[in-house]
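Taken together, the values in this text are just the output of simple stated rules run on the coordinates, not laboratory data. Owing to the predicted nature of the structure, the values given are computational and were not obtained by experimental measurement. Note: ideal-geometry Cβ built from the backbone for every residue, glycine included; neighbour counts use all protein chains shown.
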Amino acid sequence: MERLADSVALVCALVLAVQDFRTRLISPLVLLVLGVALALAGSAQASWTEIGTCFLINLAFIATQLLLLTLWFSVRQRKFVSIFDTHIGLGDIFFFVAIALAFAPVNFIFFYALGLASTLLVVILLLLLRKTITSIPLAAALAIPLMILCCWRIYQPQLQFHSDAWLSNWIETTYS
């Protein structure tokens, strides 16, 4: 069941990336199926209570990020600024909500931070190459590492997104 759910999540992430890169529009149905597939894949590793708790913590993190972005742009422009559709698309936010079902909080923050940093790096490189960038397909950019993780978990089912133990073990072995 876990491999099937990961395969469905992989296909949804691919469809979502293509949609976002081509049209900057994302199908709500694809986002819904992605979220359900990620939750089902996680249910092989964690209880539904644990998935729900992690989801709520991840949502709180996303909400905090959006609130801080709103405050930042509002202070800079000295008036209230709605960041939705001008600075970040609703599809990107709903993508964050869908992937919030996939990870334990530390793994989510790790995925989110590395995904944003790598997206920023690619944008900077494109700007240095004198490419004009009018918008950043953020959901598509984050769907790419999600596809890699889904493929990895299809072939190595012991990889657990709902357990932060692998990250702490890696940090401990790397830096001890």
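Just check region 26-82 against the gyration tensor rule for me: Cα atoms, a ≥ b ≥ c as the square roots of the eigenvalues, rounded for a/c under 1.5, and otherwise prolate or oblate depending on whether a/b exceeds b/c.
oblate
Select from the chain the helices, each a whole stretch of DSSP H, whose alpha-carbon atoms run 20 Å or more along the helix axis and whose Kyte-Doolittle mean is at least 1.6; answer none if there are none. Before the final figure, lay out each step's value.
Values: long enough: 2-23 (31 Å, 0.91); 28-43 (22 Å, 2.35); 48-77 (43 Å, 1.15); 105-128 (34 Å, 2.32); 138-155 (27 Å, 1.92).
Taking the DSSP H segments of the chain (at least 20 Å long, mean hydropathy at least 1.6), we get 28-43, 105-128, 138-155.
Which loop trypsin sites (Lys or Arg not before Pro) in region 42-115, with loop taken from DSSP, have no more than 12 other Cβ atoms within 10 angstrom of their Cβ? Spell out each step's value before the answer.
Working: sites: R76, R78, K79; in loops: R78, K79.
Qualifying residues, ordered by number: R78, K79.
Using a 10 Å cut-off on Cβ atoms, rank the peptides 63-71, 166-174 from the highest mean neighbour count down.
With the highest mean Cβ count within 10 Å placed first, the list reads 63-71, 166-174.
Using +1 at the Cβ of each Lys and Arg and -1 at the Cβ of each Asp and Glu in region 2-175, identify which of C150, F161, F61 lies farthest towards the dipole's positive end.
Final value for the positive-end residue is F61.
For a quick check: with amide H placed at 1.01 Å from N, whose amide H comes under 5 Å from F84's, ignoring anything fewer than 5 positions away on the same chain?
none
Report the chymotrypsin sites (Phe, Trp or Tyr not before Pro) located in region 1-86 that are in a DSSP loop and have at most 10 other Cβ atoms inside 10 Å of their Cβ, or state none.
Listed in order of number, the matching sites are F80.
With an 8 Å Cα cut-off and a minimum separation of 6 or more residues, compute the relative contact order for the chain in percent.
Relative contact order of the chain: 35 percent.
How big is the equivalent ellipsoid of region 2-175 along its three axes, where each semi-axis is √(5λ) from the Cα gyration tensor, reported in whole Å from largest to smallest?
27, 19, 17
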